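First up is the structure itself, then whatever we jot down about it.
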Amino acid sequence: MSDTTTARRAVRLEATNHEGSLLGKNVSSAKFEAGKETGFAFADILFAIDLNNEIVLGDAFPDWRGNLYDIQMIPDLTTLVEWKPGLDSVIGDYWLKDGTPVPICPRNLVRRLVARLADDGYDAPVAVEIEATLFEESVQEARSRGYRDLTPLGGSTGATYHLARSGDWIAYMEAVVERLDRVGIAWEAWTDEAAPGQTELNLAPTDPVRLGDNWARTRQVMREVAHELGHTVSFMAKPTAGFGQGAHINVSLQSDGVNRFFAEDGPSDLMRNAVGGLLATMEGNTSIAFPQITSYRRLVDLTGPPTTVSWGVNNKTAAVRAITGHPKYSRLEYRLPGADVNPYLALAGVLAGVLAGIEQRIEPPAEVTDMAWCLPDSRGVPRIPDTMSKAGAALDADPLLREYLGDEFVDFWVASRRWEWMEFHTKGGDPFAELSAWESQRYFEFP
Amino acid sequence: MTESTTIEAPSPRLEMTRILVEDDATPVVRLIGRTLRDAAAVARDGGDDLVAGLLGTVAVRSHDTPQAATVTLAGDVVEVTSGVFGEPAASVVVDLNARFGPTEEPTGDAGLAAALLRALRLPMAPWRDAAARFWEVARGIPGIPDVLVVEALGANGVERGRFGEGATTYGIAGPADLLAGVFSGADDLLTSLGAGVQVQGTLAQLSVMTAASWKVRFDV
């Protein structure tokens, strides 16, 4: 992370809520200095409101959640950067007064799983491909239109890798990566993606907690740059009725600096076990990887996202793609999450699956060497749960994810998704619309 | 002397119309299915089975949201599915937060529509009976308080009830009919808070009571 250089007037305290929105508040420099070791009080409601600011109800709160108690946000000073002149930014975690981590704090979940991996002797470099769609209109204009009928930035034809995008689109992406460089977020590539206005930005591999930080901050950068340039950007799983967008996570395991997923003749035993764990937990993990109603609208065969609980060597139609054969690049690409996912929770879900696989030596099912979309039922390859309620039930019943993510998180998350499902169905969402106005209103700007 | 013959009294009717709800049903489908099951259960207690023998399809639509379901009546089986596809025999538009109160004149087969609405709009059970059943259903929900204390305002003043035993209590008060609606699942707890129901307990308890309300209303 970069050093702070200019005179600081304020510090922005940041952390994601369960939905994946980057929340926080600005404190004066003096206030920050006074509290940077002991932390800052935040109302626990940040884990209890939905994207429409309604209090999420429908479960038994754990002991630490009562009548809007305070929890402590303690900044991780290794994340302190100069965000812009006069404003620093720092990411933190949520802690209870007794010094234990808030069990549903997304960043703390990742920290806990990284520590468990370390106990097993591994570290797990991860990287992510961030997809987003840009629109010409300002966010104010987008709001006035209910986020519908917007104009894709860079032209309305879909294209992948095209270099002919107009200057406005290019100027936006160049401004984004310039800002990333300034705040110390390592990126590797950006390109035109499949849909009109869509871009893909690849963040460089790093440890999972730092990648979560970089991912969350990159979305913030992309939003801020869009606002400054008079445009708007959305990380909705489907910002328009036509196209979806994902967030593929690449993970490998190494110890002593050696990639343990590599073997001369294909996947190593460790990689096979990791695949086994990722597939064993995939149906439950779908609830995390597909957090919103719209997330499930991406699940269409032949359009890009995986639709089956499947894996294959270099098979991009499967949910887990094994990249093998190279001591440096051998890795697993977990293709399930949508662009709307909570970065930390997505990473926690992947780490939980990997940990389950390697600790319990789970053998994967047969590799899919055919196209993994449209497979006949007789092949015995399960479909990915295609509704929020099915995915929630799968998570609720998943003993592995309960073990690695904890009962408190699982119970909380399942209840919060039931609330979201109920809100959609009873407050104006239309399951039979290609993309309902309710979804655009709720998800276009957040998470 | 005329020979007498003993005629056995008819046994109570245990069979009732089967109500089937599709897998992974939406809330409106669950609400209709649960309500029709309650209506069919009336027959078990000696009342009329209001949906037995009805034939045809009825579209049920919410008056203020896109929620819609199709009720297919086939004699002794009723199926409830999400959405409306094809041309139903009858259509009703209802307020789902007003106990299926119709907001428009039904279209199509008026008799069929009226029969279905009768089943969906059964009179409320007495609040005390509904509360006892509610607390029985709610017992299995993790974190539910031990005791429900009810103050129901009826024609004869305030009646009180206490359900369950234990250390933690939850209080709920309001007009008797509205409480009967909440306890039976006809009314949503959160919606009823704006209509005269009052509660006493923690925010955490309201949260788990919401789960209980959904359990009896939507069977989730």
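Work the Kirkwood hydrodynamic radius out for segment B:18-120: mean of 1/r over every pair of different alpha-carbon atoms, inverted, in Å.
In segment B:18-120 this quantity evaluates to 13.3 Å.
Name the residues whose placed amide hydrogens come within less than 5 Å of the amide hydrogen of residue A:248, ignoring near sequence neighbours (fewer than 5 apart) on the same chain.
The answer is A:129.
Just in segment B:129-220: which GluC sites (Glu not before Pro) are loop by DSSP and have at most 13 other Cβ atoms within 10 Å?
Filter output for segment B:129-220: B:165.
For segment A:321-382, with all protein chains present and a 1.4 Å probe, just round the carbon and sulfur fraction of the accessible area to a whole percent.
50 percent
Which order do the peptides A:51-58, A:291-298, B:76-83 take when ranked by the mean count of other beta-carbon atoms within 10 Å per residue, highest first?
Per-residue mean Cβ counts within 10 Å order the peptides as A:291-298, B:76-83, A:51-58.
Length gain on complete extension for the stretch residue A:241 to residue A:49, per 0.36 nm per residue less the alpha carbon to alpha carbon distance?
66.4 nm
Suppose all protein chains stay in the model; what accessible area per residue would a 1.4 Å probe give for the protein assembly as shown, in Å²?
41 Å²
What accessible surface, in Å², does a 1.4 Å probe find on residue A:243, ignoring ligands, DNA and RNA and rounding to the nearest 10?
Rounded to the nearest 10, that gives 90 Å².
Going through segment A:309-411, which trypsin sites (Lys or Arg not before Pro) have at most 15 other Cβ atoms within 10 Å and a DSSP loop state?
Counting only loop positions with at most 15 other Cβ atoms within 10 Å, the trypsin sites (Lys or Arg not before Pro) in segment A:309-411 are A:316, A:328, A:361.
Check the straight Cα-Cα distances from residue A:328 and name the aspartates and glutamates below 20 Å, setting aside those fewer than 8 residues away within the same chain.
Partners within reach: A:123, A:129, A:188, A:207, A:256, A:264, A:265, A:269.
Other chains' Cβ within 10 Å of A:417-428 residues: what's the mean?
Mean partner-chain Cβ count within 10 Å for A:417-428: 4.
Counting pairs of alpha carbon atoms under 8 Å apart in space and at least six apart in sequence, what relative contact order in percent does chain B give?
That works out to 16 percent.
Give me the three principal axis extents of chain B from the C-alpha atoms, as integers in angstrom, largest value leading.
Projected onto its principal axes, the Cα set of chain B covers 66, 57, 35 Å.
GNM, chain A, Cα, under 10 Å: largest mean-square fluctuation among A:229, A:201, A:401?
Comparing A:229, A:201, A:401 in the GNM, the peak value goes to A:229.
Heavy atoms of the protein only, probe of 1.4 Å, neighbouring chains included. What is the accessible area of residue A:119 in Å², nearest 10?
Only protein atoms counted, so the area is about 130 Å².
Excluding ligands, DNA and RNA, what is the accessible area buried between chains A and B, summed over both sides, using a 1.4 Å probe, to the nearest 100 Å²?
Buried surface at the A/B interface: approximately 1900 Å².
Taking amide hydrogens as modeled 1.01 Å from N in the peptide plane, which residues meet the under 5 Å criterion relative to residue A:325, leaving out close sequence neighbours?
The list, which skips near neighbours in sequence, is A:263, A:266.
Per the helix-only calculation at 222 nm, which mean residue ellipticity applies to chain B, given -39500 (n - 2.57) for every DSSP H run of n ≥ 4 and division by its residues, nearest 500 deg cm²/dmol?
-10000 deg cm²/dmol
Carbon and sulfur atoms: what percent of the 1.4 Å accessible area of chain B do they account for?
Here it works out to 52 percent.
What are the lysines whose alpha-carbon lies under 27 Å from the alpha-carbon of residue A:25, with same-chain residues fewer than 8 places away excluded?
Straight-line reach from residue A:25, under 27 Å: A:36, A:84, A:97.
How much length would be gained if the chain were fully extended between residue A:84 and residue A:123, taking 0.36 nm per residue of separation minus their Cα-Cα distance, in nm to one decimal?
Full-extension gain reported as 10.8 nm.
Expressed as a whole percent, how much of the Cα-Cα distance distribution for segment B:127-218 exceeds 22 Å?
So the portion of pairs separated by more than 22 Å is 14 percent.
How long are the semi-axes of the equivalent ellipsoid of chain A, defined as square roots of 5 times the Cα gyration tensor eigenvalues? Whole Å, largest first.
Whole-Å semi-axes of the equivalent ellipsoid: 30, 27, 24.
Sorting A:147, A:329 by accessible area (1.4 Å probe), largest first, what list results?
Heavy-atom accessible area, descending, gives A:329, A:147.
Check cross-link reach from residue B:215 to the lysines: straight Cα distance under 21 Å, and skip same-chain residues fewer than eight apart.
By straight Cα distance, residue B:215 reaches A:390, A:427.
Mind listing P(r) for segment A:252-293? All alpha-carbon pairs, 5 Å bins, whole percents.
P(r) over segment A:252-293, rounded to whole percents: 6, 21, 19, 17, 14, 12, 8, 3, 1.
Looking only at other chains, what is the average number of their beta-carbon atoms within 10 angstrom of each beta-carbon in B:23-29?
4
If you take each beta carbon of peptide B:57-64 and count the beta carbons of other chains within 10 angstrom, what is the mean?
Per residue, the average neighbour count from other chains is 1.
How long are the semi-axes of the equivalent ellipsoid of segment A:1-84, defined as square roots of 5 times the Cα gyration tensor eigenvalues? Whole Å, largest first.
Its equivalent ellipsoid spans semi-axes of 29, 14, 10 Å.
With label points built 7 Å along Cα→Cβ from the Cα atoms of residue B:110 and residue A:194, find their separation and express it in nm.
5.4 nm
The values are calculated or read from the model by the stated rules, or taken from the named source; none is laboratory data. All values derive from a computational prediction rather than experimental measurement. So basically every Cβ, Gly included, is an ideal-geometry build from the backbone, and we count neighbours across all protein chains shown. Please note that ligands, DNA and RNA were not included when accessible areas were found on the heavy atoms of the full protein model with its side chains. Shrake-Rupley method; radii C 1.70, N 1.55, O 1.52, S 1.80 Å.
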